[in-house]
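What follows is a single structure, written as structure tokens, with notes after it.
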Amino acid sequence: MRVYVVDSYGELSAKAALIVAGQVAFKADSVLGLCTGSTPVGMYKELSAMHQKQGLDFSRVITFNLDEYYGLAPDNIQSYHYFMKKNLFDHVNIKQENIHIPDGLAADIDAECDRYEEAIQKAGGIDLQVLGIGRNGHIGFNEPAAKFSAATFLTELDEDTIKANARFFASPGEVPTCAITMGIKTIMQAKKILLLANGPEKAEAVRNAVKGDIDPYVPASILQLHSDCTFIIDREAAKYL
Ligand code: F6R
């Protein structure tokens, strides 16, 4: 695991975008695993600018998002479908058919999870997975639990995650209580992993992930076992390292 500490959110976003752009430049048909939330917004802005100003080409890129809220339609402004459209997909030349996000409205959830896993395998696996980290150490929506999860599944969100994500909703009561998420095994099968974290509220989770025991109650700690994992974190998130 490599840990780079940077001075600002701007630097974190620029460095992360360079890594993703390098992956796409190196392999035009890269399979990218993507996350949502506040953390990657700056990186997506940088990538959009790289496409518009320097012609970074997404035409052969394939993407798989980590997760989607259960019960939200793609056009719901709180959905991760909507987030990705607004923050990245509307600004680059990615093909609609190359975009994959779990279907939060699927009638048969088990079939949807199997379909998602199969699509990842069919695409040849994820070349580069970008992650954020929850205050509780979650990655994707793999919440602290007695054991690590495996494949894509329907999960209940932690109280703490619902509280943290309430900022995007009119009230905490509106935050969905369940989500479809890639499992830990799916994430660990990515060839490369890039985790981003900024701000003091992530410092404890970052310390536990980097320096703590490998413990399913800190899902991100499993990343210590990945052979090509990079953390880019700002000084505040690094304060306990
Ligand atoms: C979202 C995701 C989550 C977030 C995490 C941090 O797709 O997978 O694990 O990365 O909750 O969210 P922010 O960046 O909003 O602090």
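The values are calculated or read from the model by the stated rules, or taken from the named source; none is laboratory data. Because the structure is predicted, anything quoted here is derived from the model rather than measured. In this analysis, Cβ positions are derived from the backbone assuming ideal geometry, glycine residues included, and neighbour counts consider all displayed protein chains.
Quick notes on this structure:
- Positions within the range 1-59 being closer than 12 Å to Leu195 by Cα, of a type outside the set (A, V, I, L, M) and in contact with a Ser or Thr (Cβ under 6 Å, 6 or more places away or on another chain), in sequence order: Arg2
- Scope the range 189-211; condition part of a strand (DSSP E or B) and crowded, with 22+ Cβ neighbours inside 10 Å; matching residues: Ile193, Leu194, Leu195, Leu196, Ala197
- The range 118-167, residues that are closer than 30 Å to Ala21 by Cβ, surrounded by 15 or more Cβ atoms within 10 Å (Cβ to Cβ) and among the charged types (D, E, K, R): Asp127, Arg135
A quick yes/no check of all residues on (1) under 12 Å from Asp67 (Cβ atoms); (2) touching a Leu at 6+ places or on another chain (Cβ under 6 Å); (3) away from the ligand (no atom under 14 Å from the Cβ); (4) modelled with pLDDT of 95 or more:
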| site | (1), (2), (3), (4) |
| --- | --- |
| Ile99 | no, no, yes, yes |
| Ala107 | no, no, yes, yes |
| Asp110 | no, no, yes, yes |
| Cys113 | yes, no, yes, yes |
| Ala123 | no, no, yes, yes |
| His138 | yes, no, no, yes |
| Lys147 | no, no, yes, yes |
| Ala151 | no, no, yes, yes |
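- Subset of the range 34-68 [more than 10 Å from the ligand (Cβ to nearest atom) and touching a residue at least 60 places away in the same chain (Cβ under 8 Å)]: Met43, Ile62, Phe64
- The sole residue among Ile214, Ile184, Ile180 that is in contact with a strand residue (DSSP E or B) (Cβ under 7 Å, 6 or more places away or on another chain) and surrounded by fewer than 24 Cβ atoms within 10 Å (Cβ to Cβ) is Ile184.
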